[in-house]
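Below you'll find the structure, written out as structure tokens, and then a few comments.
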């Protein structure tokens, strides 16, 4: 009886501290997840950002001693930006995905989970706990699915009846034996929209993602973006929301519950050209609080260049030429050369030809040659 009361108290407390949804599950092994992860590993579909030890991802007893329960929490985030600035000719803008609007969600969820930890330890002084958000050993989505937060959609996101898939997830493992909640039935049915419209075909089939083809992953890489994906990026600077925006379960969903998740329009949808020459200090000061900054400015700047090429923004040519000639990083110089060719204009061939005579880096030379081919058309 005590544990039932404690669970009720914890649920009530979670609501007091601004947690939108909470669910409980056992700490038993995630056997079906193990099979999926092994298949992903065999197919080379993993991004490389995950916990590499599959057993740690599926066996909570490898994380804390004698685990009994896992608590899953969900916080709803906005899907629409108020007063979004327009992207206009000569003043083109990029976009950060919704999961990078407002304060880094890792920070927000960790604060909530720490409060839950303190509450549990106050009630059960010998309780053991371990919290994690996104980068922990366990799969937040597998925990949320088993804890009844939502079902795992064909887009591989957890979809909740209340908030759609626009939720951040976090977990708390404990040796306190809470009564588990029931998982939710899959409600995707025959709908296959997310799979059909994925820009890069990363959704191989419903519920299976080749992370290496996913734009959300590709925008975070630091090297040259493979040619086949450059025209798919559009003006995305970090992440991709396509599989969420097309989902019928997200239609009309837009919650503005947490002030810290509200986007600053000039940060979430920034002007592109100023980002080309932003310093490390300026980048950290302006973007350091958002989750999309975690890889530093290099991937963002490479994506800025691709976005300018996508828009064929001729007004950006002077800045792109400067970057191609002066930036010390080969990936940025080479991508700028490719973009100059893509944008074209009467002077593009001459500019790239002169760069070809001066450049020494083999990778950059290859990009200049690609730019020359594009400029010739």
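The values are calculated or read from the model by the stated rules, or taken from the named source; none is laboratory data. In this text the structure is predicted, and so the values were computed from the model without any measurement. Don't worry about glycine lacking a Cβ; one is built from the backbone with ideal geometry, like all the others, and counts go over all protein chains shown.
Looking for something outside any loop (DSSP other than H, G, I, E, B), surrounded by 13 or more Cβ atoms within 10 Å (Cβ to Cβ) and either in contact with a helix residue (DSSP H, G or I) (Cβ under 7 Å, 6 or more places away or on another chain) or free of Cβ contacts under 8 Å to residues at least 40 places away in the same chain (or both) - is there at least one such residue anywhere in the stretch 78-89?
Taking every residue of the stretch 78-89 in turn, none turns out to be outside any loop (DSSP other than H, G, I, E, B), surrounded by 13 or more Cβ atoms within 10 Å (Cβ to Cβ) and either in contact with a helix residue (DSSP H, G or I) (Cβ under 7 Å, 6 or more places away or on another chain) or free of Cβ contacts under 8 Å to residues at least 40 places away in the same chain (or both).
Inside the stretch 241-262, can you point out the residues that are part of a helix (DSSP H, G or I) and either modelled with pLDDT under 95 or surrounded by 20 or more Cβ atoms within 10 Å (Cβ to Cβ) (or both)?
The answer is 242, 243, 244, 249, 250, 261.
Could you tell me which numbered condition residue 6 fails, if it satisfies all but one of (1) surrounded by 17 or more Cβ atoms within 10 Å (Cβ to Cβ); (2) modelled with pLDDT under 95; (3) over 23 Å from residue 142 (Cα atoms)?
Residue 6 satisfies every listed condition except (2).
Which ones in the stretch 229-240 are out of contact with any strand residue (DSSP E or B) (no Cβ under 9 Å at 6 or more places or on another chain) and either closer than 17 Å to residue 103 by Cα or not in a helix (DSSP H, G or I) (or both)?
231, 232, 233, 240
Taking the residues in the stretch 189-211 that are free of Cβ contacts under 8 Å to residues at least 40 places away in the same chain and in a loop (DSSP other than H, G, I, E, B) as candidates, determine which candidate is surrounded by the most Cβ atoms within 10 Å (Cβ to Cβ).
202
Look at residue 344 and say whether it is surrounded by 15 or more Cβ atoms within 10 Å (Cβ to Cβ) and over 20 Å from residue 223 (Cα atoms).
Judged against the criteria, residue 344 is a match.
Tell me which residues, restricted to the stretch 30-46, are out of contact with any strand residue (DSSP E or B) (no Cβ under 9 Å at 6 or more places or on another chain) and either under 14 Å from residue 143 (Cβ atoms) or in contact (Cβ under 8 Å) with a residue 12 or more places away in the chain (or both).
30, 31, 32, 33, 34, 37, 38, 41, 44, 46 - these are the residues of the stretch 30-46 that are out of contact with any strand residue (DSSP E or B) (no Cβ under 9 Å at 6 or more places or on another chain) and either under 14 Å from residue 143 (Cβ atoms) or in contact (Cβ under 8 Å) with a residue 12 or more places away in the chain (or both).
Run down 138, 115 and say which single residue is more than 30 Å from residue 305 (Cα to Cα), out of contact with any strand residue (DSSP E or B) (no Cβ under 6 Å at 6 or more places or on another chain) and in contact (Cβ under 8 Å) with a residue 40 or more places away in the chain.
Just one listed residue meets the conditions, 115.
Out of the residues in the stretch 212-240 meeting the condition of being free of Cβ contacts under 8 Å to residues at least 24 places away in the same chain and buried (at least 19 other Cβ atoms within 10 Å of the Cβ), tell me which one is farthest from residue 306 (Cα to Cα).
Here the answer is 213.
From the list 48, 102, exactly one residue is surrounded by 21 or more Cβ atoms within 10 Å (Cβ to Cβ), on the phi > 0 side of the Ramachandran plot and assigned to a loop (DSSP other than H, G, I, E, B). Which is it?
102
Scan the stretch 14-45 for residues that are surrounded by fewer than 15 Cβ atoms within 10 Å (Cβ to Cβ) and part of a helix (DSSP H, G or I) and report the count.
10
Which of the residues belonging to the stretch 51-77 are assigned to a loop (DSSP other than H, G, I, E, B) and surrounded by fewer than 15 Cβ atoms within 10 Å (Cβ to Cβ)?
Residues satisfying the conditions are 52, 53, 65, 66.
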